[in-house]
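Worksheet: the structure to be examined is printed underneath.
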Amino acid sequence: MVRSLWTAATGMNGQQTNIDAISNNLSNVNTTGYKQQRAEFEDLIYQNVKLAGTPATEDTVTPVGIQQGAGVKLASTQRIMSQGSLQNTGVDTDLAIVGEGFFRVQQYDGSYAYTRDGSFKVDSNGQVVTSNGLRMMPEIILPEGYDVSTLNVTQSGLVSVKVNGGNDPVEVGQIEIYRFPNAVGLQAEGDNLFTVTNASGEAIAGRPGYDGFGKTHHKFLEMSNVSVVNEMVQMIVAQRAYEFNSKAVQTSDSMLSTAVNLKR
């Protein structure tokens, strides 16, 4: 069977995966704190018909070998952790991180997850939680009688609020953010959450604005870092590459048909 049929088929499969990644990026263009994905590829194993350096005569060797490739495969889906643009929402419980770091939340099973989505809420107990009710860690609990319109978060993560109509704000907590030796090694779990893996390394806690950690910006949200224009260009390139590979399949089929029709 003609090798190019299978080689071109791997190219078509690869470009389909590329389109899948681009589609996911475009669908999350308005997702708070979303980080762009990029499909990365690598070539498949080669068949060595003749190795370079094979003796040609008693005194010479072949300078170049003969290798036949088998196509392409998906190597990884890389996260691009660049800063997303900031949107001024005016919402008292919204937070954005400018720079390196993640918020930590506690999941229902007690384990920790990490997010760049700062669209926090306050539950019935005065506790700062995510849209799905996951508690921010360390816990931030607002006291009874607080006035949410007086809630203030400094760039260093210090949280204060006025209580019972008082004139002086009361400090109620300190936000910590977390970074990783290899943030792109985090595993996306959906719901704007990431979890630790062996590749990411363990979380390193820090205070916003210190020791290389990002700063917290109150009443702002970090939007997706997806560039629609770039994604559309990448989609065009992927579509054309898919077409090129389909043409290779058609050409291989035509060559096989010619061989079959040699004898009538």
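The values are calculated or read from the model by the stated rules, or taken from the named source; none is laboratory data. Because the structure is predicted, anything quoted here is derived from the model rather than measured. So basically every Cβ, Gly included, is an ideal-geometry build from the backbone, and we count neighbours across all protein chains shown. Side chains included, ligands, DNA and RNA excluded: accessible areas come from the protein's heavy atoms. Shrake-Rupley method; radii C 1.70, N 1.55, O 1.52, S 1.80 Å.
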So for the stretch 97-114 (the condition being among the acidic types (D, E), touching a Ser or Thr at 6+ places or on another chain (Cβ under 7 Å) and farther than 19 Å from D211 by Cα), does at least one residue qualify?
no
Give the residue, chosen from G165, G190, G201, G209, that is touching a helix residue (DSSP H, G or I) at 6+ places or on another chain (Cβ under 8 Å) and on the phi > 0 side of the Ramachandran plot.
G201
Being in a strand (DSSP E or B), more than 17 Å from S149 (Cα to Cα) and of a type in the set (S, T, N, Q) is the filter here, so list the residues in the stretch 105-132 that pass it.
Q106, T115
Within the stretch 48-69, can one find any residue that is open to solvent by less than 50 Å² (accessible area, probe 1.4 Å) and hydrophobic (A, V, I, L, M, F, W, C)?
no
Residues in the stretch 34-56 that are within 28 Å of M12 (Cβ to Cβ) and among the hydrophobic types (A, V, I, L, M, F, W, C): how many?
5
So which strands (runs of 3 or more DSSP E) stay within the stretch 1-104 end to end and still have 3 or more residues that are in contact (Cβ under 8 Å) with a residue 60 or more places away in the chain?
72-79, 86-88, 95-98
Which of the residues that make up the stretch 220-264 are closer than 21 Å to T31 by Cβ and in a loop (DSSP other than H, G, I, E, B)?
M223, S224, N225, V226, S227
Can you name the residue in the stretch 173-217 that is open to solvent by less than 30 Å² (accessible area, probe 1.4 Å) and assigned to a strand (DSSP E or B) and is also farthest from Q37 (Cα to Cα) among such residues?
G173
